[in-house]
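*Asks:* One structure follows; several queries about it will come next.
The values are calculated or read from the model by the stated rules, or taken from the named source; none is laboratory data. Because the structure is a prediction, the values reported are computed rather than measured. So basically every Cβ, Gly included, is an ideal-geometry build from the backbone, and we count neighbours across all protein chains shown.
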Amino acid sequence: MKRKQIALFVAGCFTAGTALAATQGQLGNTSTANFSLTVQAPVIPRQVQVLNVSDISFNNSSRSERDSSRPGATMAFCVVDTNGGSVNLSITNSYADGTFAWTAQTPEGENIQFQIDLTDFAVVNLWGSILGTTYLATVPTTFVSSTAGACGAGNIKIHPRLYISDMPQTFPAKTYSTTMTIVASPN
């Protein structure tokens, strides 16, 4: 008897607000009744996340996977979309010298230019282009994780490298730095 009471209570909870659509059973040898069941689930918005970023440091003997002819580096990171769709990325840096979008700077204000590329983890597909002072890319669905736990070692790589290949002869031995910002949004 207790099991029937619980089942009736649950059915009653779901039918609240939809009683006008219900049809009652007729008196007879068998009786059939119908009711409408409506479940309103909470709306879960599509969300994106950038994970596994790390600071990048390189010198004139470091090389990027994307272009090993110039000093550079490679960093793997992860992009998550809870909806499993493609994701737009916007990448900027904290300095721009007016003529070149990608600039690192010494504390004294001396600049050095660099380039970046964005690829899949295997460095096969190249995405994005520079628009003004921003690198814009759309990462296809097949290269986006649906959860943070599925990120593993990352699904995307960024490859910064010096714009000028003769850095040791042209620039003084100083430390140049900048802050890179990646903004992800659903596509």
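*Asks:* Looking at SER86, SER61 in this structure, which one is surrounded by fewer than 16 Cβ atoms within 10 Å (Cβ to Cβ) and assigned by TED's automatic domain parsing to the domain that holds ALA137?
*Replies:* Exactly one residue qualifies, and that residue is SER61.
*Asks:* Residue under question is ALA137, and the condition is that it be touching a residue at least 24 places away in the same chain (Cβ under 8 Å), part of a loop (DSSP other than H, G, I, E, B) and not hydroxyl-bearing (Ser, Thr, Tyr); does it hold?
*Replies:* Spelling it out, it is not the case that ALA137 is touching a residue at least 24 places away in the same chain (Cβ under 8 Å), part of a loop (DSSP other than H, G, I, E, B) and not hydroxyl-bearing (Ser, Thr, Tyr).
*Asks:* Here's a follow-up. Output the number of the condition that GLU65 fails; it satisfies all remaining conditions of (1) charged (D, E, K, R); (2) more than 29 Å from the chain's Cα centre (by Cα); (3) closer than 28 Å to PRO186 by Cα.
*Replies:* (2)
*Asks:* Here's another thing I want to ask about it. Within the range 106-125, track down each residue that is touching a residue at least 24 places away in the same chain (Cβ under 8 Å) and either touching a strand residue (DSSP E or B) at 6+ places or on another chain (Cβ under 7 Å) or of a type in the set (A, V, I, L, M) (or both).
*Replies:* Within the range 106-125, ASN111, ILE112, GLN113, PHE114, GLN115, ILE116, ASP117, LEU118, THR119, ASP120, PHE121, VAL123 meet the criteria.
*Asks:* On to the next question. Residues that are over 17 Å from VAL53 (Cβ atoms), more than 25 Å from the chain's Cα centre (by Cα) and not aliphatic (A, V, I, L, M): does the range 75-98 have at least one?
*Replies:* Yes, that holds for at least one residue.
*Asks:* Taking VAL139 and the conditions (1) more than 15 Å from the chain's Cα centre (by Cα); (2) surrounded by 15 or more Cβ atoms within 10 Å (Cβ to Cβ), which numbered condition does it fall short on, given that it satisfies the others?
*Replies:* (1)
*Asks:* Would a scan of the range 163-173 turn up a residue that is at pLDDT 90 or above, out of contact with any Asp or Glu (no Cβ under 7 Å at 6 or more places or on another chain) and not charged (D, E, K, R)?
*Replies:* no
*Asks:* Give the range 106-134 a look and list any residue that's assigned to a strand (DSSP E or B), within 21 Å of SER68 (Cβ to Cβ) and either among the β-branched types (Val, Ile, Thr) or at pLDDT 90 or above (or both), or say none.
*Replies:* Passing the criteria: ILE112, ILE116, ASP117, LEU118, THR119, ASP120, LEU126, TRP127.
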